[in-house]
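The values are calculated or read from the model by the stated rules, or taken from the named source; none is laboratory data. Bear in mind the structure is a predicted one, so any value in this text is a computation, not a measurement. Cβ placement follows ideal geometry from the backbone for every residue including glycine, while neighbour counts extend to all protein chains displayed. For accessibility, only protein heavy atoms count, side chains too; no ligands or nucleic acids. Shrake-Rupley method; radii C 1.70, N 1.55, O 1.52, S 1.80 Å.
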Amino acid sequence: MKFGVIVFPGSNCDHDAYHVIGKILKQPVEWVWHQSTAIHYLDAIVLPGGFSYGDYLRTGAIARFSPVMKAVEKFAASGGLVLGICNGFQILCEAGLLPGAFVRNRSLKFICRPVHLRVETTEPPFTNVCRRGQVLDIPIAHGDGNYVVDPDTLSEIEQQNRIVFRYSTPAGELRDEANPNGSTDAIAGVLNRERNVLGMMPHPERASESLMGSVDGRLIFQSMVASLVTH
C-alpha cells in the first residue's frame, strides 16, 4: 500500500497530509511532483489544499492542466482512490472529475475556523470507519469555498447518495447559520459516480492530532487505509 501527495506550485498543505499519512498512520507515502505522469503504482492519491498557481484565473483552473492531472484521470478511471482537499477539491471540479464549481464565500471573506460536518454515508472508502449521522469537528480555510451545483446535478448526486458531508450544527442539524460559505444544500464533500474520488473543503489533515484540538479528520485517512487493506 502506498499513498502519493501531489505537489503543485503554491500547495501549502502538502506537508500536513504527508505527515498524517506517514507519521501518524505509519503508511508508505511519497511526493508526486505536478509534472509527473506515472502514478499507476500508487494505491491512493491526495490533492492537498493550498493556492496552486496562486489561484490565478480561478481556483484550480491552471492546476487542472498540469501533466499530473492526466495521470490522475487515468488513475481514477482504473479505480484508484483520490482525495481532494480544499484547493484539491477545486482542482478536481475544474478537471471534470467531480461535479459543480466554486465561487466566493457568501461573506466575500476568507474563513479559517473549525466547523462541524455531518457524515451522510459510510458506504464510500473515505468514511467506512465513521457512523452515519456522526458529527466531525474539522477546520476550514478558504475564500472560494462556496460550492455550487445546478438543480439537476443536485438531484442526481442526492439520488445516487454521493453527498458525503454536509455542514451542520454540533447536534447534526442542517441550519443556514451552520453553512459557513453558502454552499448548495450545505454540501461539504461529494463523490464521483464511481465513488472512488472524494472532494471535501474542510481540512482533515489539520484535525488528526489531539494537539490541534480534534482528531476527527484522522477518520477519513483511516477509512482509506481500511478500504485498501480489504481490497
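Taking only the Cα atoms of the stretch 66-181, how large is their convex hull per residue, in Å³?
It comes to 119 Å³ per residue, whole-number rounded.
Relative to one another, the C-alpha centroids of the stretch 1-58 and the stretch 91-132 are positioned 18 Å apart. For the chain, the fraction of 1.4 Å probe accessible surface lying on carbon and sulfur atoms is 51 percent. Values of log10 I(q)/I(0) for the stretch 1-57 across q = 0.14, 0.21, 0.23, 0.30 Å⁻¹ run -0.36, -0.75, -0.87, -1.21, by the Debye formula with one identical scatterer at each alpha carbon and no solvent. Classified by the C-alpha gyration tensor, the stretch 148-201 has a prolate form. Its axis ratio a/c, with a ≥ b ≥ c, is 1.5 or above, and a/b is larger than b/c. With all pairs of separate Cα atoms included, the stretch 56-117 yields a Kirkwood hydrodynamic radius of 13.0 Å.
Over the stretch 1-132, the Kirkwood radius and the radius of gyration, each from Cα atoms, give a ratio Rg/Rh of 0.96. Excluding same-chain residues fewer than 8 positions from residue 26, which lysines have a Cα within less than 29 Å of its Cα? Straight-line reach from residue 26, under 29 Å: 2, 70, 74. Across 96, 217, 189, mean-square fluctuation computed from a Gaussian network of the chain (C-alpha pairs under 10 Å connected) peaks at 96.
Highest GNM mean-square fluctuation among 42, 191, 108, for the chain modelled with Cα contacts below 10 Å: 108. Each eigenvalue of the Cα gyration tensor of the chain, multiplied by 5 and square-rooted, gives one semi-axis; in descending order these are 23, 20, 18 Å. Which of 13, 130, 112 moves the most in a Gaussian network model of the chain with Cα springs under 10 Å? Residue with maximal mean-square fluctuation among 13, 130, 112: 112. Restricting the stretch 129-231 to trypsin sites (Lys or Arg not before Pro) that sit in a DSSP loop and have at most 10 other Cβ atoms within 10 Å of their own Cβ leaves 131.
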